[in-house]
1. Looking only at residues that are of a type in the set (D, E, K, R) and within 23 Å of Gly25 (Cα to Cα) in the stretch 74-113, which one is modelled with the highest pLDDT?
2. Filter the stretch 97-136 for residues that are in a helix (DSSP H, G or I), of a type in the set (Gly, Ala, Ser) and crowded, with 19+ Cβ neighbours inside 10 Å and give the result.
3. Quick check on my filter: what residues within the stretch 62-120 are among the β-branched types (Val, Ile, Thr) and over 25 Å from Pro8 (Cα atoms)?
4. What pairs come out if I take residues in the stretch 34-53 that are without any contact (Cβ under 8 Å) to a residue 40 or more places away in the chain and pair them with residues that are of a type in the set (S, T, N, Q) and assigned to a helix (DSSP H, G or I) whose C-beta lies under 9 Å away, six or more apart or interchain?
5. Since Ser84 meets every condition but one in (1) within 11 Å of Leu50 (Cβ to Cβ); (2) crowded, with 17+ Cβ neighbours inside 10 Å, which condition does it not meet?
6. So which residues in the stretch 27-46 are exposed (fewer than 13 other Cβ atoms within 10 Å of the Cβ), of a type in the set (A, V, I, L, M, F, W, C) and either touching a helix residue (DSSP H, G or I) at 6+ places or on another chain (Cβ under 6 Å) or modelled with pLDDT under 95 (or both), if there are any at all?
7. Being under 24 Å from Ala89 (Cα atoms), within 23 Å of the chain's Cα centre (by Cα) and in a loop (DSSP other than H, G, I, E, B) is true for just one of Arg6, Arg12. Which residue is that?
Amino acid sequence: MTSPERLPLNLRAGWWALCVCTTLGLGLEALHAFKVGFYLDVGNETRRLLWRLAHAHGALLGLLNVVYALAARSWPQLSDTLSSRALLAALLLMPSGFFLGGVFARGGDPGASVGLAAAGGAALLFGLAKTAWKAG
């Protein structure tokens with residue numbers, strides 16, 4: 001019996017990101033449903049915003065990685081190691097930066113780790129531009 005083909009990393013990471021971000025979204029809904037002050041109090045607006053951004057960006061970047069993997073499989077000329085790694089870096093950095101920025105938020109200021117989101121944005125732009133360039 002032969003072993004099954006290993007799926008592309010972007011595809012696996014994308015599905016896992018969707019799973020994790022859906023769980024995060026459900027957790028945020030639970031915090032809202034139970035009126036948890038740590039999340040809902042007026043002084044925690046920055047935390048609430050950053051955690052919603054983490055959830056949304058993680059889900060969308062997860063979908064983007066799934067689409068990239070399927071497109072690269074269907075059109076091998078799109079496949080590129082740097083693009084793939086840049087999209088994976090964006091998937092890790094951007095939601096993590098938003099989430100950690102919310103964890104360490106004080107008043108209206110996010111934690112310094114929100115800078116990871118900016119690095120993720122740069123990686124995302126690079127990966128998208130390189131893939132678009134290869135698409136012609």
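The values are calculated or read from the model by the stated rules, or taken from the named source; none is laboratory data. Nothing here was measured: the structure is a model prediction, and the numbers come from that model. Backbone-built Cβ (ideal geometry, glycine too); neighbour counts: all protein chains shown.
1. First, pick out the residues of the stretch 74-113 that are of a type in the set (D, E, K, R): 80, 85, 106, 109.
Within this subset, residues satisfying the condition of being within 23 Å of Gly25 (Cα to Cα) are 106, 109.
Working: Arg106: 89, Asp109: 92.
Only one residue tops the list, namely Asp109.
2. Gly97, Gly101, Gly102, Ala117, Gly120, Ala123, Gly127
3. Just the residues of the stretch 62-120 that are among the β-branched types (Val, Ile, Thr), to begin with: 66-67, 81, 103, 114.
Passing the criteria: Val103, Val114.
4. Gly37/Asn44; Phe38/Asn44
5. (1)
6. Correct list: Phe38, Val42.
7. Details: Arg12 fails: in a loop (DSSP other than H, G, I, E, B).
Result: Arg6 is the single residue among Arg6, Arg12 that is under 24 Å from Ala89 (Cα atoms), within 23 Å of the chain's Cα centre (by Cα) and in a loop (DSSP other than H, G, I, E, B).
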